[in-house]
Amino acid sequence: MRIFVTGATGALGRHLVPGLVAAGHQVTATTRAPGKVAQLREAGAEPVILDGLDREAVIAAVRAAAPEVIVHQMTALADMRNLRHPDQVFAGTNELRTRGTDNLLAAAQRAGTRRVIAQSYAGAGPDQPSGGALKTEADPVGWQTIAGAVAMPAAITYVDTTVPGAVPEGIVLRYGTFYGPGASAAVLELVRKRRLPVIGGGTGVWSFIEVSDAAAATLAAVGHGAPGVYNVVDDDPAPVAEWLPYLAQVAGAKPPMRLPGWVGRLLAGEFVVAQMTTSRGSSNEKARKELGWEPRYPSWRQGFRAWVG
């Protein structure tokens, strides 16, 4: 099929584009950076320099490619080592998840593209208490209200609720927290420098996904799955108090420090403390069943070892 991939040089796109080409698809891949054109061409794609917020340029590029599937992977992530003000860190990504999504959906409608696959989020967040139940696709983002972290969940919700009904085959993939080649290097650096502590007991449950596993799920969604939302996470949601010391161990670092919640709030801010203490984790049952996908690394335990061991 003809596939149009936006954000094709990001953490996931670097794995997705070669996978699509290897599967026999004709791939048009976009980047905002002229310096990355050669990377896309070497991967076997037809490169296009494109600003996802330029509506007319997006529509023109999609109509020229005439894709049967659009894959929306546009993000604009800044330095995530300081999340005191998440809405500032994610401002560019929030805009791409709202205006950028609208632009791609308008382009799909003009080009007659039936299937649009869009990136969403099932990673750690300041979840509302739920008695420990994992989140399913029926659950909204449902984060606690935290000052400076309002636009971020609103943008995620916009993708989740807009894409499935905007085109005949609108699919949203909620990815867990990425790790692996080309992803989460900043987290690994903090762990090795012993600057990522377990805060407030580390009771928050995180769902991870190795980045090439996320790309494989996206490739599966090109030809499988009814319209709707899918959690793309591994099989092993785990509390911070379990996975963070393990990551330090396989990275050859000292065990992480442990801080009470009030100290964490002073040092890292409310959002990070909530990620560490209230995140619920997500179930991947629907994606496994309906996309015909299963992760190569069913647990972050194997995945972390392969990544840094």
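Points to keep in mind about this one:
- Nearest-10 value in Å² for the accessible area of THR136, using the 1.4 Å probe: 60 Å²
- Short-range pairs are left out: with C-alpha atoms under 8 Å and at least six residues apart, the relative contact order of the chain is 19 percent.
- With all pairs of different C-alpha atoms in the average, the Kirkwood value for the hydrodynamic radius of the stretch 137-248 is 16.0 Å.
- For the stretch 104-143, projected area of the alpha-carbon convex hull averaged over all directions, nm²: 3.9 nm²
- Of the beta bridges in the chain, as assigned by DSSP with both residues counted there, near 10 percent are antiparallel.
- Sequence-distant residues sharing a close amide H with TYR121 (under 5 Å, placed H): TYR175
- For the chain, the solvent-accessible area of protein heavy atoms averages 41 Å² per residue (probe radius 1.4 Å; ligands and nucleic acids excluded).
- Anchor LYS135: lysines whose Cα lies under 21 Å away (excluding residues fewer than 8 positions away in-chain): LYS286, LYS289
- Relative contact order of the stretch 16-89, pairs being alpha-carbon contacts under 8 Å that are 6 or more residues apart, as %: 21 percent
- Per-q log10 I(q)/I(0), the stretch 188-264, q = 0.16, 0.21, 0.27 Å⁻¹ (Debye; single scatterer per alpha-carbon; no solvent): -0.70, -0.93, -1.23
- C-alpha center-to-center spacing [the stretch 237-309, the stretch 168-236] in angstrom: 10 Å
- Taking every alpha-carbon pair under 8 Å whose residues sit at least 6 apart, the stretch 5-147 reaches a relative contact order of 21 percent.
- In the stretch 95-174, Rg over Rh equals 1.03, where Rg is the alpha-carbon radius of gyration and Rh the Kirkwood radius from pairwise Cα distances.
- The stretch 1-16 and the stretch 113-144: distance between their alpha carbon centers, rounded to Å: 22 Å
- Split the accessible area of the stretch 5-119 by element, probe 1.4 Å, and carbon with sulfur accounts for 48%.
- Top positive-direction residue, dipole computed over the chain with Cβ charges, set ALA76, THR9, VAL308: VAL308
The values are calculated or read from the model by the stated rules, or taken from the named source; none is laboratory data. Note that the coordinates shown come from a computational prediction; the quantities given were computed from them, not determined experimentally. Neighbour counts are summed over all protein chains in view; Cβ atoms, including those assigned to glycine, are modelled from backbone coordinates with ideal geometry. Quick note on the areas: whole protein, heavy atoms, side chains included, nothing else; ligands and nucleic acids left out. Shrake-Rupley method; radii C 1.70, N 1.55, O 1.52, S 1.80 Å.
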